[in-house]
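Trainee: The following block contains the structure, expressed as structure tokens.
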Amino acid sequence: VPRRDRGRGECSIALKCGACEVAGAGPDFFEAFCRVRESLAIHRLTPQWYGASRNVFPLGMARGMGLGLKAYRLRLGHRVGRNDLVGIFGEGPGIDPVSVEAQREFWREWLRSLGFTPRD
């Protein structure tokens, strides 16, 4: 259940999967989902949504104005376009679920493939 606390400027997600209940919070829903994924990893569970896929990451307005509910499918050496935008809780083809760190590493690799130096 995604929720936004406007007063605190924080987004939170609570997820129940069988007997496992986890929650996470962050400045946007993508970061809150990352906290949930880290908690799920302890139980050896990985969500099968775009937001957990190796090559999906929120950028620019999708992150700022969209609160991280949408993210881009990244391809090494290619800039993103409108057709690359997916919902982080969406399902579909090409999902490659990985750890939060593996996903961030792919994002850094994507930046380097475009000639940028990633700042962590």
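Trainee: So, in region 23-76, exactly how many residues are more than 21 Å from GLU10 (Cβ to Cβ) and in contact with a Cys (Cβ under 7 Å, 6 or more places away or on another chain)?
Mentor: Here the count works out to 2.
Trainee: Can you give me the number of residues within region 41-67 that are touching a strand residue (DSSP E or B) at 6+ places or on another chain (Cβ under 7 Å) and touching a residue at least 40 places away in the same chain (Cβ under 8 Å)?
Mentor: The number of residues fulfilling the criteria is 10.
Trainee: List the pairs whose first member sits in region 98-120 and is polar (S, T, N, Q), whose second member is open to solvent by 70 Å² or more (accessible area, probe 1.4 Å), and whose Cβ atoms are under 6 Å apart, counting only residues at least 6 apart or on separate chains?
Mentor: Listed pairs, sorted by first residue: GLN103/ARG54; SER113/LEU76.
Trainee: Okay, moving on. From the list ARG79, ARG104, exactly one residue is of a type in the set (D, E, K, R) and under 16 Å from ALA52 (Cβ atoms). Which is it?
Mentor: ARG104 is the lone residue from the list that is of a type in the set (D, E, K, R) and under 16 Å from ALA52 (Cβ atoms).
Trainee: Count, please, the residues in region 67-110 that happen to be among the aliphatic types (A, V, I, L, M) and touching a Leu at 6+ places or on another chain (Cβ under 7 Å).
Mentor: Number satisfying all stated conditions: 2.
Trainee: For region 60-81, what are the residues that are under 10 Å from the mean Cα position of the chain (by Cα) and within 11 Å of TRP107 (Cβ to Cβ)?
Mentor: ALA71, TYR72
The values are calculated or read from the model by the stated rules, or taken from the named source; none is laboratory data. Please read all numbers here as calculations on a predicted model, not as lab measurements. Don't worry about glycine lacking a Cβ; one is built from the backbone with ideal geometry, like all the others, and counts go over all protein chains shown. The accessibility values were calculated without ligands, DNA or RNA, using every heavy atom of the protein model including side chains. Shrake-Rupley method; radii C 1.70, N 1.55, O 1.52, S 1.80 Å.
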